[in-house]
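For reference, the structure discussed in these notes is given below.
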């Protein structure tokens, strides 16, 4: 497998690809995951990890990849190569585009849109777990972005003895933090103005959208530019979600919008804001840098080619696979399982807290929840 020359060996392995490529997050709740069908899911992940992702990582991160900015032989793409330091395209776009096709081919969840086509929110059962998971990802991103440097104690041979790659590692942590936090705050207040209330889940997704966007250029941009990256990433995510709603596209965890949309923005952002000094330090002297930083359009052109190639490659490899699985009726659970919930029908347990039959409290208007008994008896509505 090809590895990023700036990556530690363990970071470029398929285990990280499995955990970071989020194509399954958009439609996992509706997949057949019980019994022998779980093996199919493992094979689906194996196909993506062992074939789709490694090809892209070789193109962009290998020392002989045709699009790599670290290419050591032959000519560079637009004399620049595509800069994707920690994977806005290689990791996040690959996952996001795969998720796009998976959710698109599988179709929306039952009840996601009413008969008139209006969107109906289907909430998860634990916002606390969403927040906890977001903080775990936040912590992990510091290994993902700053940790993508091979070494820390490397001098850049400048007149400042206190400046070297350790400075770049620290700056990368700062740009990562600023982009994520800016996106989170922008999403928080923007959604408040748009819908009239605060939503912690939207904030968590905004934070991750900022992280996905900055991952490409985290090592080669100024901290102030990272704020711009996070601000725009928030609106890319909001816009993609609005478009998905208009098109009746149902991706419960916004994998396509977040990782695909914000990942693509991150690649373009790098082509616009990469700083000359940082590009020459991290990659090589004489390389093109960001358009808005006076470096011309060659880097931006290379970034654009990377976006188009990733979209085409993942579409060609994952789209037909999902279509075949759908035709073989291996992609989605039965209508009964989906309506009753797979917690009970497939896993024999409850994930929700239900009110007792004799409770004096009543569910809010328009809210329907059924208690699924372990026996074969028909479910009875809660009163």
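When you check residue 76 against the structure, is it surrounded by 13 or more Cβ atoms within 10 Å (Cβ to Cβ) and touching a helix residue (DSSP H, G or I) at 6+ places or on another chain (Cβ under 6 Å), yes or no? First the steps, then the outcome.
Values: surrounded by 13 or more Cβ atoms within 10 Å (Cβ to Cβ): yes; touching a helix residue (DSSP H, G or I) at 6+ places or on another chain (Cβ under 6 Å): no.
The answer is no for residue 76.
Out of the stretch 321-331, which residues are part of a helix (DSSP H, G or I), out of contact with any helix residue (DSSP H, G or I) (no Cβ under 6 Å at 6 or more places or on another chain) and farther than 13 Å from residue 51 by Cβ?
Quick first cut of the stretch 321-331, residues part of a helix (DSSP H, G or I) only: 321-327.
Subsequent filtering for residues that are out of contact with any helix residue (DSSP H, G or I) (no Cβ under 6 Å at 6 or more places or on another chain) retains 321, 324-325, 327.
Of everything in the stretch 321-331, those that are part of a helix (DSSP H, G or I), out of contact with any helix residue (DSSP H, G or I) (no Cβ under 6 Å at 6 or more places or on another chain) and farther than 13 Å from residue 51 by Cβ turn out to be 324, 325, 327.
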Which numbered condition in (1) at pLDDT 95 or above; (2) in a helix (DSSP H, G or I) is the only one that residue 289 fails? (2)
Just one of the numbered conditions (1) within 16 Å of the chain's Cα centre (by Cα); (2) part of a helix (DSSP H, G or I); (3) closer than 19 Å to residue 307 by Cα is not true of residue 205; which one? (3)
Anything in the stretch 182-202 that is touching a helix residue (DSSP H, G or I) at 6+ places or on another chain (Cβ under 7 Å), within 18 Å of residue 235 (Cβ to Cβ) and part of a helix (DSSP H, G or I)? List them, or say none. 182, 183, 184, 186, 187, 188, 190, 191, 201, 202
Of all residues in the stretch 136-170, which are part of a loop (DSSP other than H, G, I, E, B), surrounded by 13 or more Cβ atoms within 10 Å (Cβ to Cβ) and either on the phi > 0 side of the Ramachandran plot or at pLDDT 95 or above (or both)? 145
Reported set for the stretch 208-231 where residues are within 16 Å of the chain's Cα centre (by Cα) and part of a helix (DSSP H, G or I) is 208, 209, 210, 211, 212, 213, 214, 229, 230
Only one of (1) assigned to a helix (DSSP H, G or I); (2) at pLDDT below 50 fails for residue 3. Which number is that? (1)
Output the residues belonging to the stretch 318-332 that are in contact (Cβ under 8 Å) with a residue 12 or more places away in the chain and surrounded by fewer than 18 Cβ atoms within 10 Å (Cβ to Cβ). 319, 323, 326, 330
Conditions first: (1) outside any helix (DSSP H, G or I); (2) over 14 Å from the mean Cα position of the chain (by Cα). Residue 242 passes all but one, so which condition is the exception? (1)
Quickly run through the stretch 171-200 and pick out the residues that are surrounded by fewer than 17 Cβ atoms within 10 Å (Cβ to Cβ) and either closer than 24 Å to residue 267 by Cα or touching a residue at least 12 places away in the same chain (Cβ under 8 Å) (or both). 173, 174, 194, 200
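May I ask you to say which residue of 67, 82, 86 is in contact with a strand residue (DSSP E or B) (Cβ under 6 Å, 6 or more places away or on another chain) and buried (at least 24 other Cβ atoms within 10 Å of the Cβ)? Don't jump to the end; show me each part of the working.
Numbers: 82 fails: in contact with a strand residue (DSSP E or B) (Cβ under 6 Å, 6 or more places away or on another chain); 86 fails: in contact with a strand residue (DSSP E or B) (Cβ under 6 Å, 6 or more places away or on another chain).
That would be 67, the only listed residue that is in contact with a strand residue (DSSP E or B) (Cβ under 6 Å, 6 or more places away or on another chain) and buried (at least 24 other Cβ atoms within 10 Å of the Cβ).
Inside the stretch 34-123, counting only helices (runs of 4 or more DSSP H) that do not spill past its ends, which hold 2 or more residues that are at pLDDT 85 or above? Before you say what the answer is, go through the steps one by one.
Details: elements: 37-47, 53-61, 94-106.
Of the helices (runs of 4 or more DSSP H) lying wholly inside the stretch 34-123, those with at least 2 residues that are at pLDDT 85 or above span 53-61, 94-106.
The values are calculated or read from the model by the stated rules, or taken from the named source; none is laboratory data. Being a predicted model, the structure only gives us computed values, none of them experimental. Here the Cβ is made from the backbone with ideal geometry for all residues, glycine too, and neighbour counts use every protein chain on show.
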